[in-house]
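*Asks:* Submitted below is the structure of interest, expressed as structure tokens.
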Amino acid sequence: MANTKYIFVTGGVTSSLGKGIISASLAKLLQARGYKVTIQKLDPYLNVDPGTLNPYEHGECFVTIDGAETDLDLGHYERFLNIETTQANNVTTGRIYQTVIDKERRGDFLGKTVQIIPHITNEIKRRIMLLGNKGDFDFVITEIGGTVGDIESLPYIESVRQLIWELGGENTASIHLTLVPYLAASGELKTKPTQHSVKLMLENGIQPDVIVLRTEHKLTPEVKEKVARFCNVSKKSVVESIDVSTIYEVPIKMQAEGLDEVILDKLKMSKTKLPDLEPWKAFLSKLKNPRSTVKIGLIGKYTKLPDSYKSIIESFIHAGVVNETKVDLELINSEKITTENIESLSNLQGIVVAPGFGHRGIEGKILAIKYARENNVPFLGICLGMQCAVIEFGRNVLGLQDANSSEMDITTPHPVIDIMEHQKNISEMGGTMRLGGYACKVKKNSNAFAAYNTEKITERHRHRYEFNNNYIHDFKTAGMEATGINPNSNLVEIIEIPKHKWFVGVQFHPEYRSTVLNPHPIFIAFIKACLNN
Ligand code: GLN
């Protein structure tokens with residue numbers, strides 16, 4: 001394989017322009033031409049990983065198969081590319097500094113003064129090259145979080161400058177994503193913020209090769225021409241990225257704008273094989289032409305920021321397409337659910353209870369589950385959602401008053417969900433949960449088996465608490481059964497109520513594994529059950 005090419009994606013003017021989607025779309029186009037591609041996200045914040053962040057800070061924490069707690073953009077990379085990412089695909093400043101400081105304490109720097117340049121920048125460069133050095137990829141795309149000009153992203157921009165200089169122009173390309181605002185009063189699209197942002201890049205020693213312009217309105221040729229002239233790039237290197245109804249449309253738009261072509265030209269890579277996007281286009285066409293609609297309630301406590309449930313929301317889009325159904329997913333705040341208003345759930349054809357931490361909002365979740373169980377409404381509980389289903393069943397069917405998870409009530413007389421033995425003495429919060437892929441054996445004659453059509457599955461985890469096996473027998477006798485068990489640890493991974501229309505709780509997170517071309521069987525089966533409701 002030829003040597004790996006490195007593509008850097010930076011952002012300017014504002015945050016939240018969708019660098020992750022642009023990076024994933026370019027990766028998709030290169031992959032569809034037969035190239036091997038991976039994407040990496042560098043996050044300039046000081047947390048070692050986003051595992052300790054409140055979802056309201058940066059949205060969901062995505063978990064990789066090897067158990068890394070990562071930025072939600074990795075979810076986009078996996079969903080677009082149908083690949084598995086790993087710890088190496090997400091690096092934060094906290095992790096960089098931790099590595100450098102650990103080395104300093106070991107004496108690895110032999111008495112030298114440890115500095116941002118070269119020690120921090122060397123560690124950043126090492127992390128960027130790590131993916132490419134394995135020789136598995138034609139392209140490594142590195143997305144740099146934040147906005148150029150931020151103090152905390154300076155060492156990253158400097159590392160990119162050094163790499164471009166070290167590896168040379170044929171091996172590196174730089175894409176800068178900015179915003180072109182529209183001033184309604186004068187009816188004009190403004191390029192000045194982009195010009196300033198590119199000036200900042202130049203101050204830092206990087207001339208962008210391609211400028212992607214986020215815009216709500218079609219760009220005129222004059223606007224593109226102006227950006228080209230003031231930012232020293234050819235006109236075809238100015239790419240419009242206009243708002244679209246679905247993120248899955250972006251690769252098609254980027255292809256029409258020729259983003260993959262300018263990059264391949266810059267990197268002297270062959271363009272002979274055109275992107276094969278047929279399966280992607282078939283997905284898009286079904287997405288845009290659903291035959292039915294199903295209304296599902298997603299009950300959680302972070303409903304003000306849908307990004308907190310990004311992977312679940314996307315999984316419903318993928319699985320909806322398989323069912324040729326538009327999933328109308330209503331985010332419902334569990335803290336607002338009471339016995340007085342519970343009937344408002346009657347307009348839902350299915351109920352999902354979301355993952356989460358801490359006791360806030362769990363009584364509302366338990367009420368919603370009781371409603372789903374008693375009214376035969378299809379139910380899917382994910383992680384904490386599954387744990388709440390166990391608590392509800394313990395309290396209301398087994399009559400175990402005050403049954404709870406020891407996470408919520410350490411003194412509960414009935415810890416139907418309990419902390420794992422090996423978790424008891426852990427005092428640090430970061431990276432200490434049961435994380436990443438674990439095997440599960442699925443029981444035949446269950447809804448789970450009907451969905452997966454196999455007994456052996458591996459799913460990703462992120463939790464500390466587990467079904468308490470002391471209760472497994474009583475639950476089974478009363479009508480709630482464990483239909484998925486970890487064959488190595490005997491931990492319960494899936495619970496079901498066989499008498500119910502479709503009542504499934506999973507201790508793992510199926511949403512981390514759903515992709516456009518490989519939608520997750522649990523979501524597909526759940527939507528089917530809701531459609532029949
Ligand atoms: N808080 C629960 C636990 O730690 C569930 C976590 C989750 O939903 N991801 O076990």
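The values are calculated or read from the model by the stated rules, or taken from the named source; none is laboratory data. None of these values were measured; they are calculated from a predicted model. So basically every Cβ, Gly included, is an ideal-geometry build from the backbone, and we count neighbours across all protein chains shown. The area values use the complete protein model at the heavy-atom level, side chains included, leaving out ligands, DNA and RNA. Shrake-Rupley method; radii C 1.70, N 1.55, O 1.52, S 1.80 Å.
*Asks:* Could you grab me the full set of residues in segment 444-468 that are more than 27 Å from the chain's Cα centre (by Cα) and surrounded by 14 or more Cβ atoms within 10 Å (Cβ to Cβ)?
*Replies:* Looking only at segment 444-468, we keep the residues that are more than 27 Å from the chain's Cα centre (by Cα), and these are 444-446, 468.
Scanning segment 444-468 gives 446, 468.
*Asks:* Okay, next question. Within the bounds of segment 491-505, is there any residue that is surrounded by fewer than 17 Cβ atoms within 10 Å (Cβ to Cβ) and in contact with a Lys or Arg (Cβ under 9 Å, 6 or more places away or on another chain)? Write out each step before concluding.
*Replies:* Narrowing segment 491-505 to residues surrounded by fewer than 17 Cβ atoms within 10 Å (Cβ to Cβ): 498-499.
This time we only want the ones that are in contact with a Lys or Arg (Cβ under 9 Å, 6 or more places away or on another chain), so: none.
Checking segment 491-505: not a single residue is surrounded by fewer than 17 Cβ atoms within 10 Å (Cβ to Cβ) and in contact with a Lys or Arg (Cβ under 9 Å, 6 or more places away or on another chain).
*Asks:* Tell me, which strands (runs of 3 or more DSSP E) lie completely within segment 460-532 with 2 or more residues that are within 16 Å of the ligand (Cβ to nearest atom) and modelled with pLDDT of 95 or more? Before you say what the answer is, go through the steps one by one.
*Replies:* On the way: elements: 465-467, 481-485, 492-496, 503-506.
By residue number, 465-467, 492-496, 503-506.
*Asks:* Can you give me the number of residues within segment 358-373 that are within 12 Å of the ligand (Cβ to nearest atom) and crowded, with 19+ Cβ neighbours inside 10 Å?
*Replies:* Kept after step one, since they are within 12 Å of the ligand (Cβ to nearest atom), are these residues of segment 358-373: 358-362, 365.
From what is left, the residues that are crowded, with 19+ Cβ neighbours inside 10 Å are 361-362, 365.
Qualifying residue count for the region: 3.
*Asks:* Moving on. Could you tell me whether any residue of segment 151-169 is in a loop (DSSP other than H, G, I, E, B) and open to solvent by 50 Å² or more (accessible area, probe 1.4 Å)?
*Replies:* Applying the first criterion (in a loop (DSSP other than H, G, I, E, B)) to segment 151-169 yields 168-169.
Filter once more, so that each one left must be open to solvent by 50 Å² or more (accessible area, probe 1.4 Å): none.
Within segment 151-169, not a single residue is in a loop (DSSP other than H, G, I, E, B) and open to solvent by 50 Å² or more (accessible area, probe 1.4 Å).
*Asks:* Kindly indicate the residue of segment 87-116 that is under 32 Å from the mean Cα position of the chain (by Cα) and open to solvent by 40 Å² or more (accessible area, probe 1.4 Å) and also nearest to residue 435 (Cα to Cα) among those meeting that condition.
*Replies:* Here is the first cut: in segment 87-116, the ones under 32 Å from the mean Cα position of the chain (by Cα) are 87-103, 116.
If we keep only those that are open to solvent by 40 Å² or more (accessible area, probe 1.4 Å) too, we end up with 87, 95, 97-98, 101-103, 116.
Working: 87: 12, 95: 18, 97: 23, 98: 21, 101: 25, 102: 24, 103: 26, 116: 32 Å.
In this case the residue turns out to be 87.
*Asks:* Name the pairs: first residue in segment 461-474 and closer than 14 Å to residue 403 by Cα, second residue polar (S, T, N, Q) and assigned to a helix (DSSP H, G or I), Cβ to Cβ under 6 Å, at least 6 apart or on different chains?
*Replies:* From residues that are closer than 14 Å to residue 403 by Cα, there are no pairs.
*Asks:* Specify the residue that is nearest to the ligand (Cβ to nearest atom); the eligible residues are those in segment 415-444 that are in contact with a Phe, Trp or Tyr (Cβ under 7 Å, 6 or more places away or on another chain) and over 20 Å from residue 67 (Cα atoms).
*Replies:* Step by step, filter segment 415-444, then rank; the result is 417.
*Asks:* Given 100, 114, which one is without any contact (Cβ under 8 Å) to a residue 24 or more places away in the chain and in a helix (DSSP H, G or I)? Give the derivation first.
*Replies:* Details: 114 fails: in a helix (DSSP H, G or I).
Checking each option against the conditions leaves just 100.
*Asks:* So, of the residues in segment 389-414 that are touching a residue at least 40 places away in the same chain (Cβ under 8 Å) and closer than 30 Å to residue 65 by Cβ, which turns out to be nearest to the ligand (Cβ to nearest atom)?
*Replies:* Per the criteria, the residue is 407.
*Asks:* May I ask you to verify whether residue 70 is open to solvent by less than 20 Å² (accessible area, probe 1.4 Å), farther than 22 Å from residue 147 by Cα and free of Cβ contacts under 8 Å to residues at least 60 places away in the same chain? Can you show your working first?
*Replies:* Details: open to solvent by less than 20 Å² (accessible area, probe 1.4 Å): yes; farther than 22 Å from residue 147 by Cα: no; free of Cβ contacts under 8 Å to residues at least 60 places away in the same chain: yes.
Criteria not met by residue 70.
*Asks:* When you look at residue 192, is it loosely packed, with under 13 Cβ neighbours inside 10 Å, in contact (Cβ under 8 Å) with a residue 24 or more places away in the chain and basic (Lys, Arg), yes or no?
*Replies:* Values: loosely packed, with under 13 Cβ neighbours inside 10 Å: yes; in contact (Cβ under 8 Å) with a residue 24 or more places away in the chain: no; basic (Lys, Arg): yes.
So residue 192 does not fit the description; no.
*Asks:* Quick check on my filter: what residues within segment 411-436 are open to solvent by 40 Å² or more (accessible area, probe 1.4 Å), closer than 22 Å to residue 490 by Cβ and in a loop (DSSP other than H, G, I, E, B)?
*Replies:* 414, 424, 425, 426
*Asks:* A follow-up question, please. Quick one: what pairs do we get from segment 20-37, first residue more than 19 Å from residue 237 (Cα to Cα), second among the small types (Gly, Ala, Ser), C-beta under 6 Å, 6+ apart or different chains?
*Replies:* Taking only residues 6 or more apart or on different chains, the pairs are 37/27.
*Asks:* I would also like to ask the following. Being of a type in the set (Val, Ile, Thr), in a strand (DSSP E or B) and under 19 Å from residue 432 (Cβ atoms) is the filter here; which residues of segment 31-76 pass it?
*Replies:* 63, 70, listed by residue number.
*Asks:* Now, a different point. Is there a residue being of a type in the set (D, E, K, R), assigned to a loop (DSSP other than H, G, I, E, B) and more than 16 Å from the ligand (Cβ to nearest atom) anywhere in segment 340-357?
*Replies:* Here is the first cut: in segment 340-357, the ones of a type in the set (D, E, K, R) are 340, 343.
From what is left, the residues that are assigned to a loop (DSSP other than H, G, I, E, B) are 340.
Then keep just the ones that are more than 16 Å from the ligand (Cβ to nearest atom); that gives 340.
Yes, because at least one residue in segment 340-357 is of a type in the set (D, E, K, R), assigned to a loop (DSSP other than H, G, I, E, B) and more than 16 Å from the ligand (Cβ to nearest atom).
One line per residue, one yes/no per condition, for (1) out of contact with any helix residue (DSSP H, G or I) (no Cβ under 9 Å at 6 or more places or on another chain); (2) open to solvent by less than 20 Å² (accessible area, probe 1.4 Å):
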| residue | (1), (2) |
| --- | --- |
| 196 | yes, no |
| 201 | no, yes |
| 227 | no, yes |
| 230 | no, no |
| 237 | no, yes |
| 256 | yes, no |
| 261 | no, no |
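*Asks:* Only one residue in 347, 376 is touching a Gly at 6+ places or on another chain (Cβ under 9 Å) and open to solvent by 50 Å² or more (accessible area, probe 1.4 Å). Which one?
*Replies:* Working: 376 fails: touching a Gly at 6+ places or on another chain (Cβ under 9 Å).
Answer to the selection: 347.
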